[in-house]
Amino acid sequence: MLSRSAQGLYWMGRTLERAEHLCRLLRNQVESLVDRPVRDIHFGWSRIYGSLHRQPPVGNLEPGGDEDFTLADSYTLADDLTFERLNPASVWSCFYLGRENARQMRHCISSDMWSSLNLAYLRLQGQRIEDIWRTSPEDFYTQTCRDIHAFGGVAEATMYRDEGWRFIRLGRFIERAQLASSLFLAHMAAAKAQEESLDSDSTSLLHVYRAFAAYKQQHSVEIEPDRVMTLVVTDPRLPSSLCRSLDTVAQELEAIGPGPVTQDSAAAARLAGRLCALIRYDWPDVEDHEALLRKANRYCRDLHDLITAAYMEYPIEDHTP
């Protein structure tokens, strides 16, 4: 496969995964505006912005203050994360980049995939924060998640299982792993800033990762933060867990095989295996889970760099006959 095609498909998978992840976070956050205390609302926004390493447009997110101002700030923060075109991590920007990569790679994807993504993109273009806020903003985020899931289902049903398919999945699951480790670190940091960890914080994390039913099945209804974190990090049966995402990355790299720069592709495969072992085998034996997640997050970034060097941005002159 041409490196340009591999890069376009890889980044299409990454940006759409990022949009879906942010929609899940924002849906959970706007639902909390209805009946949750101000402290929980501040915790949620701190967790989101901390995971994105982005400074909020309304200054810091210190808890306290008038509830009316908290709701007004939430409107501004939701707009920044959803429709702000100057924010490269907003839902709009991620959708735009994903659709642009799909447009350039139409020769690599099915026509049904293009139609599904293009229709979702056009629906998003007609929306503004004031349009979704006056009725039910959570419905907008739910529908956007469904649009991305529909695109994934169409891809699953129609795309030829060649290297293009592998690079989409590779980008998607590397992004999922990196976002998950960043969010878990931001969750821990927000809990420290609040100087307490409430059941509601861990419950919201379970809902974001669609893991509440799985947690109840394993541990009943009593919420324990350590058990919650262990579930979303290490359970390979949970579709969005960090462990499952890293396992899939390793599998896709093995299926793709060596790239033009065999040294970098071999290093990427080794690092993917090291990441899987870090979560599967080191997590139960270490006490400092925050340090382990920082290492995993750094390894994810290093893995992206190795994949880029091995398959996409290698020097042409070194590989000509």
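A compact table of results
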read-out	value
Residue within region 75-82 that is in a loop (DSSP other than H, G, I, E, B), open to solvent by less than 60 Å² (accessible area, probe 1.4 Å), touching a residue at least 24 places away in the same chain (Cβ under 8 Å) and on the phi < 0 side of the Ramachandran plot present	no
Yes/no for Tyr160 being among the aromatic types (Phe, Trp, Tyr) and open to solvent by 60 Å² or more (accessible area, probe 1.4 Å)	yes
Enumeration of residues in region 260-293 that are closer than 18 Å to Phe173 by Cβ and among the β-branched types (Val, Ile, Thr)	Ile279
Selected residue (only one of Thr308, Thr248, Thr262, Thr230 is more than 25 Å from Ala6 (Cα to Cα) and either exposed (fewer than 14 other Cβ atoms within 10 Å of the Cβ) or hydroxyl-bearing (Ser, Thr, Tyr) (or both))	Thr230
Region 179-206, residues that are open to solvent by 30 Å² or more (accessible area, probe 1.4 Å) and among the small types (Gly, Ala, Ser)	Ala189, Ala193, Ser197, Ser200
Every pair of residues 6+ apart whose Cβ atoms lie under 6 Å, when the first sits in region 261-278 and is more than 18 Å from Leu293 (Cα to Cα) while the second is β-branched (Val, Ile, Thr)	Ala268/Ile307
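The values are calculated or read from the model by the stated rules, or taken from the named source; none is laboratory data. Quantities reported herein were computed from a predicted structural model and do not represent experimental measurements. When we count neighbours, we look across all protein chains shown, and the Cβ atoms used for this are built from the backbone with ideal geometry, even at glycine. Note: accessible area is taken over every heavy atom of the protein model, side chains too, but ligands, DNA and RNA are not part of it. Shrake-Rupley method; radii C 1.70, N 1.55, O 1.52, S 1.80 Å.
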